[in-house]
Amino acid sequence: MATTRCVASLPLLSASSAAAGRAQPAPCTAAPRRVRTRLSVATGGEQQLITAQEPAQEPDYGVVSLHHVGILCENLERSMAFYKDLLGLKVNPARPTDKLPYRGAWLWVGSEMIHLMELPNPDPLTGRPEHGGRDRHTCIAIKDVLKLKEIFDKAGISYTLSKSGRPAIFARDPDGNALEFTQV
């Protein structure tokens, strides 16, 4: 008889509680779907591929959507000129800008936000891939890639088009953060 664990309901364990074996998984309440899961586990310098049958279900803590993406910038005014003035994103005035020990801004992207944070950027500007799709990136859904291409051309913003041929354009903000704009 096979035992099924509910991965979504496993509690987060600290190293001490995991070692002591004190935490017990909570029972699953939703009917799970069966899916094949592949997991690569690093074990002391070697990798081991584990294949298991685990139920897939919505986490019981209630994932709703992506709320915001944090993007580091060195100069808030320069970044606002790109995100607000060039791309047309609107500032969310309800989000506090004086509660954190650094300058920043919250910009609407549909019903979610970008949180610009003026902090030293730890990522190098050189040595990054030309095509932003091969780097950490934030993807923004848009209605018309060709119109954005015209805006970038007029502003002198470098970009690459999707390598797969789908309607998407990749660019970098003034701090080198990769952005994908995909047409939906």
Debye sum, Cα scatterers, the stretch 66-120, no solvent: what log₁₀ I/I(0) at q = 0.14, 0.20, 0.22 1/Å?
-0.31, -0.65, -0.80
The stretch 129-183: C-alpha gyration tensor shape, a/c 1.5 cut-off, then a/b vs b/c
oblate
Calculate how many DSSP beta bridges within the stretch 129-183 are antiparallel, expressed in % of all such bridges and rounded to the nearest 5.
55
Got a sec? What order do D144, D85 fall in by accessible area at 1.4 Å, biggest, i.e. largest, first?
D85, D144
What do you reckon, how do T126, T97, T182 stack up by accessible area (1.4 Å probe), largest on top?
T126, T97, T182
On the protein heavy atoms, probe 1.4 angstrom, tell me the percent of accessible surface of the stretch 66-120 carried by carbon and sulfur.
59
Over the stretch 95-157, average the accessible area per residue using a 1.4 Å probe and give it in Å², no decimals.
67
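The values are calculated or read from the model by the stated rules, or taken from the named source; none is laboratory data. It should be emphasised that the depicted structure is a prediction, and the values quoted were computed from it without experimental measurement. For accessibility, only protein heavy atoms count, side chains too; no ligands or nucleic acids. Shrake-Rupley method; radii C 1.70, N 1.55, O 1.52, S 1.80 Å.
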